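Read the figures in this text as sums done on the coordinates, not as results from a lab. Please read all numbers here as calculations on a predicted model, not as lab measurements. Neighbour counts are summed over all protein chains in view; Cβ atoms, including those assigned to glycine, are modelled from backbone coordinates with ideal geometry.
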Amino acid sequence: MSSSISSVQAAAVSSRQTGGSTRQRRRQQWVAGVAGVAVASRHVAVVVDRVATLAHRVATLAHSSWQLQLANCIAVSSPSTSARPHHNSGKRISTVTMAGLSLLLSVALLGGVLSFAPSFRRTGKIVTQIHDSEVSASVDEVVADETKRYVVVGAGWGGWGAAKALSESGLNAQVTLIDALPDPTGAMPYLSSTGKPVEAGTRGFWKDYPNINQLCAELGLDEDEVFTPFTNSSFYSPDGLEATAPVFSEATLDSILDGVPLLGDVMKSGFAQLSGSDEFPQLPSPLGQVLATIPYFERLPIADRASMVGLLLATIDCLGGSDDVKMQYDRMTAHELFLRFKLSERLVNDFLKPTLLVGLFKPPEELSALVVMELLYYYALAHQDSFDVRWIRNGTVADSLIQPLAAKLIEERDLTVLGGCRVNEISLEKGDDGKLSATKVSYFDVKTKKMEEIETDGVVLALGCKGMESVINSSPDLARLPVFSKAASLKGIDVISCRLYFDRKIETRSPANVFSRFEALRGAGGTFFMLDQFQPDSLAELWGRDPDSIGVDEELGSVVACDFYNAGGLMSCSDEDIVRILTNELLPSAVCQFADAKLVDSWVGKYGGTVSWFSPGSYDKRPPLEGEGRNVLPNVKCAGDWVRMGDREHGAKGLCQERAFVSGFEAANSLMKDTTREIFKPHQVLAVREDELQFKLGVQANNEVMKYLPRFWTR
């Protein structure tokens, strides 16, 4: 795979190296503008002083005029005929006096506005007060602080969120994004040894992804062109099809209630009369989820499913409680919680365990109960359709979403992207105020084989656990701080991604599928995705072929993406053995048609310790968004799906891509707040849908009850 910088990025770098670069012209224009504003502000101060003096003089004159007007009014009220000439004169004096008063009022208002004007600056709908000391700052002082240099380490969703917020803030800032990938911009596809595009993991996009959806709108992308329709997901075990997760937002009365024994027809008729439609109505959660999934569990009895009720109550208690309550749940394993609320063994083994293995990438005995509650909230308590999921329709996440975002930020905002670079050390210095500050980022450039340095005014660490460990281990200044040393102690999860290319099309019930309870998994969670069903219009590209090169009679077969999570038991196997496990054991056991298909090509990628592991007791070790805090190290922030966001926590807990993206916005907003006195435009964060009323009432009721009832089920 080529390690050269993308053509777009290279052009941007070349442009920045020339004397007449866009950045230099903008900087010169900005400096000239600042100088002009400073001079103008001095003139305004002189004018304000003169206006104040004039206002005082007019007030004195007005006082005399008011006395004269009062005397004439008295004369007008006299019955003497000799008063008539004075009556006319009084009219004239009264008019002049009123005009003088109007002038006085106008001048006073103008003086008031002008006197306050230097104290305020307006940006959009945001009005920010500026201290008097800032108004009197000299031009030289302003120019010296003209450019902020920010570094974002890591080009996942958190890193791109931070880079976007910093670049679009309106500040005169030089933003640099550093990542170890040869091309983090997505402009160069990641290819297998045989030239086929591949991707590390297949990622879904849930219903409540408002900020990623807004990104599509900002980039001028049609969501229907970027994403597939919302799709079903099927669960397979050695016994066959276990369950199918429906698309709640597209369910019909027939598809849901035909499978409900005894009351199905009655309920169908009642809903149809109420709504006048054959669509399944949006019901309060969890009632809607319960009814909608009744016909989709092939083997799991209703009694086993009903044993989950206690867990829903625990979810309300956990997510509606204080931080101390959340810590109590975090110290427990999900498995312990399942036992204490007496969930049926079959429910856990056949449904919850495989769901957690592919959702949070570990079995319940190795997961924090807190994080499991966050995931189950979306499945059962948020909204009826919150768990609806869709996938990338063409290509990969990188070339569908990241590449157009990167191109826009590079071309329009002068973002610098350094691919193939590994951050070695982040250096800190102590200021006169006793606070630490990151001043320099050192990195190794794989292309040039040289160590490089960037001076910086602020850093966003948008890293997973493995990247954080690497940076902290090589940064002694950061390692001395407890927040970062604890974060570096957390371990990640092993992942294996595969692509399989078959000689024929294979039809499956759902394009997205989960392996459950197979011995061949060796403790891992497993998924398989029929990419030819997700991307039927891009089949040639999936095979790495030019569409024009496909013969009339040539038929390309299915392309299957298979992922293993918690894959420690498979990491030591050879690529050939992993492919053999899939083609000889797992796939034919789930869908028998795979037994007749011939494998044409394959690719295997292994990624040790790269995915966040939300282990029991890990909550207080996860890095806060504020890093060590603004009172200790104000210019280093953290972003990613594992950070603790505090009072800026987003509603997308448990939804990793959306949460990571939003954490990048918030980290950048906080960094700019703590590193500049200039006015900037904070990046907007769109909230997910509000909790439904019954969930809010449940939280309130539970909090009242728990004032008197001990949580005997937590630690």
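Observations on the model:
- When SER516, SER307 are sorted by how many other C-beta atoms sit within 10 angstrom of their C-beta, beginning with the fewest, the order is SER307, SER516.
- Exposure proxy ranking, count of Cβ atoms within 10 Å, fewest first, for CYS421, CYS573, CYS638: CYS573, CYS421, CYS638
- Total charge dipole magnitude, segment 492-612, about the Cα centre, Cβ charges on Lys, Arg, Asp, Glu only, Debye to nearest 20: 580
- C-alpha center-to-center spacing [segment 297-336, segment 611-684] in angstrom: 27
- Part-to-part distance (alpha-carbon centres) for segment 358-409 and segment 446-476, which is given in Å: 27
- A Förster radius of 51 Å, combined with the Cβ-Cβ distance separating ASP575 from VAL309, puts the computed FRET efficiency at roughly 0.70.
- Karplus-derived 3J(HN,Hα), 6.51/-1.76/1.60, for each residue of segment 326-340, Hz, glycine and proline x: 4, 5, 5, 5, 5, 6, 9, 7, 4, 4, 4, 5, 4, 5, 5
- Each 10 Å bin from zero holds the following percent of Cα-Cα pairs in segment 602-715: 11, 29, 31, 21, 7, 1.
- For SER307, residues with placed amide H under 5 Å, excluding near neighbours: SER344
- For VAL514, distant residues with modelled amide H under 5 Å away: SER234, PHE235, TYR236, PHE528
- Long-range amide H partners of ASP601 with built H, under 5 Å: TYR501
- Anisotropy class of segment 290-422 from Cα gyration tensor, a/c 1.5 cut: prolate
- In a DSSP loop and with at most 16 other Cβ atoms within 10 Å, the GluC sites (Glu not before Pro) in segment 455-538 are GLU507.
- In this simple spin-label approximation, ALA217 and LYS447 carry label points 7 Å from Cα along the Cα→Cβ vector, and these lie 3.6 nm apart.
- Proxy reagent accessibility, fewest Cβ within 10 Å first, across PHE230, PHE502: PHE230, PHE502
- Aspartates and glutamates whose Cα lies under 20 Å from that of LYS430, excluding same-chain neighbours fewer than 8 positions away: ASP145, GLU453, GLU455, ASP457, ASP477, GLU626, GLU628, ASP674
- Packing here is the average count of other Cβ atoms within 10 Å per residue, and on that basis the peptides 483-493, 162-172, 209-219, highest first, run 162-172, 483-493, 209-219.
- When each of LYS164/LYS408; LYS621/LYS707; LYS353/LYS491; LYS435/LYS486 is checked by Cα-Cα distance, pairs over 19 Å: LYS621/LYS707; LYS353/LYS491; LYS435/LYS486
- Seen from SER233, the other residues with C-beta closer than 12 Å to its C-beta sum to a net charge of 0, counting Lys and Arg as +1 and Asp and Glu as -1.
- Cut-off 15 Å between beta-carbons: net charge of the residues surrounding GLY204, Lys and Arg +1, Asp and Glu -1: -3
- With R₀ set to 25 Å, the beta-carbon distance separating VAL552 from LEU191 gives a calculated FRET efficiency near 0.40.
- Label point 7 Å beyond Cα of GLU411 along Cβ direction - residues of segment 160-185 with amide nitrogen under 11 Å: none
- With a Förster radius of 25 Å applied to the beta-carbon distance between SER489 and ASP323, the computed FRET efficiency rounds to 0.75.
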